[in-house]
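Written below as structure tokens is the structure these notes are about.
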Amino acid sequence: MTRAVLIGPPGSGKSTLGRLLAERLGVAFRDTDADVEAVAGKPVADIFVEDGEARFRELEHEAVRRALAEHDGILSLGGGAVLHEETQALLAGHHVVYLQVGLSDAVQRVGLAAARPLLVLNPRSQLKKLMEERRPVYERLAAVTVVTDKREPGELADEILKGLPA
């Protein structure tokens with residue numbers, strides 16, 4: 001079974017912390033966005049543009065389903081993966097860690113020029129809107145919430161590791 005599932009908005013630190021946690025635990029790290037890209041044969045941004053968000057969400061849900069069934073390390077979900085009701089149901093019984101981040105920290109980490117398909121028009125405004133819309137879902141699904149603002153990855157990893165089930 002997956003040791004921990006990391007959820008949160010873009011810029012919350014899911015990839016950075018996921019790799020660090022996996023390294024400290026001696027387990028594998030898996031990112032569902034990377035799984036989607038491998039299946040589609042193209043970057044997430046291209047899937048959004050060429051195939052649409054609905055197709056991306058289908059691929060994403062399947063990637064999460066497969067990863068939760070197969071992966072026994074640390075799993076990072078794309079920021080919007082939790083919006084799918086079936087994905088929410090799949091997360092029941094897993095140790096879900098919500099990485100909470102404020103807008104200013106998220107903006108600094110994401111970099112507004114990055115290839116983030118849902119942040120194309122007014123990136124700061126779009127990111128704020130996404131964070132506000134998704135926050136209640138993240139909070140409901142989380143076994144643990146960790147605030148990442150102005151904190152170092154090592155400190156955050158220590159906090160998450162202390163809370164992991166044996």
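When Leu112 is evaluated against the numbered criteria (1) open to solvent by 80 Å² or more (accessible area, probe 1.4 Å); (2) assigned to a loop (DSSP other than H, G, I, E, B); (3) at pLDDT below 90, which criterion, by number, is the only one it fails?
(1)
For the range 1-46, name all the residues that are open to solvent by 40 Å² or more (accessible area, probe 1.4 Å) and part of a loop (DSSP other than H, G, I, E, B).
Met1, Arg3, Gly26, Val27, Ala28, Gly41, Lys42, Pro43
Considering only the range 92-109, state which residues are at pLDDT 85 or above and in contact with a Pro (Cβ under 7 Å, 6 or more places away or on another chain). Step through it out loud before you land on a result.
To start, the set of residues in the range 92-109 that are at pLDDT 85 or above comprises 92-101.
Of everything in the range 92-109, those that are at pLDDT 85 or above and in contact with a Pro (Cβ under 7 Å, 6 or more places away or on another chain) turn out to be His95, Val101.
The values are calculated or read from the model by the stated rules, or taken from the named source; none is laboratory data. Just so it is clear, the structure is predicted and the values come from calculations on it, not from any experiment. Neighbour counts run over all protein chains shown; Cβ positions are idealised from the backbone, glycine included. Accessible surface areas use protein heavy atoms only, side chains included; no ligands, DNA or RNA. Shrake-Rupley method; radii C 1.70, N 1.55, O 1.52, S 1.80 Å.
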